[in-house]
Amino acid sequence: LDERPGFQGRRHKEPSHGRAGVMTIVALASVKGSPGVTTTALALASWWPRPVVVMEADPAGGDLAARLGLPEEPGLVGLAASLRRDLRGATPDGASIERYVQAAPLRTASGEASVVTAPAGSRQAAAAVGLLSGLATLPVPDEADLLLDLGRVADTTDADRPSTAQWL
């Protein structure tokens with residue numbers, strides 16, 4: 001029973017954050033530069049009420065691996081490569097995002113946070129993001145929410161960097 005003032009004696013219904021099949025996708029980006037996009041994604045993940053995956057999808061390259069002391073792979077490049085093989089009609093090699101997720105050394109409200117790291121180099125990161133942004137649907141984690149760190153929304157006139165604007 002609820003003990004809040006004005007609600008005494010009423011049944012209090014807890015929010016159902018963990019309903020099966022319900023997932024949230026949040027895209028974080030900056031229009032000019034990318035000041036604090038990764039930091040904001042990590043801060044959100046630390047307070048997220050459910051299990052969460054932070055996917056680093058910045059075509060300029062990532063820094064989560066170095067920041068959290070994790071290897072770059074498994075990560076974004078491996079995920080993009082597996083999806084590329086799937087698009088060519090080969091036997092699926094792991095279109096599930098779970099094979100490319102690493103446990104993050106973060107304290108979170110739910111106790112569970114994972115990351116998909118991107119390579120530090122912009123060439124590899126841009127190629128991986130280019131493959132992912134061309135998909136009709138983004139691969140998503142099972143039983144977790146997804147925070148997309150898109151970095152700076154690239155100008156589509158820049159031929160070397162894919163635009164992440166279509167994900168927004």
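Summary table below
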{"quantity": "Considering residues of segment 125-168 that are assigned to a strand (DSSP E or B) and either farther than 23 Å from Val31 by Cβ or touching a strand residue (DSSP E or B) at 6+ places or on another chain (Cβ under 6 Å) (or both) only, the residue modelled with the lowest pLDDT", "calculated": "Arg152"}
{"quantity": "Cβ pairs under 6 Å, 6+ apart, first in segment 111-135 and more than 18 Å from Ser82 (Cα to Cα), second open to solvent by 10 Å² or more (accessible area, probe 1.4 Å) and part of a helix (DSSP H, G or I)", "calculated": "none"}
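Yes/no matrix, rows are residues, columns are (1) over 19 Å from Leu44 (Cβ atoms); (2) at pLDDT 95 or above; (3) not in a loop (DSSP other than H, G, I, E, B):
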residue: Gly89; (1), (2), (3): yes, no, no
residue: Glu98; (1), (2), (3): yes, no, yes
residue: Ser114; (1), (2), (3): no, no, yes
residue: Arg123; (1), (2), (3): yes, no, yes
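The values are calculated or read from the model by the stated rules, or taken from the named source; none is laboratory data. Just so it is clear, the model here is predicted, and its values are computed rather than measured. Cβ: placed from backbone, ideal geometry, glycine included. Neighbour counts: every protein chain shown. Protein only, heavy atoms only, side chains kept; ligands, DNA and RNA dropped before computing areas. Shrake-Rupley method; radii C 1.70, N 1.55, O 1.52, S 1.80 Å.
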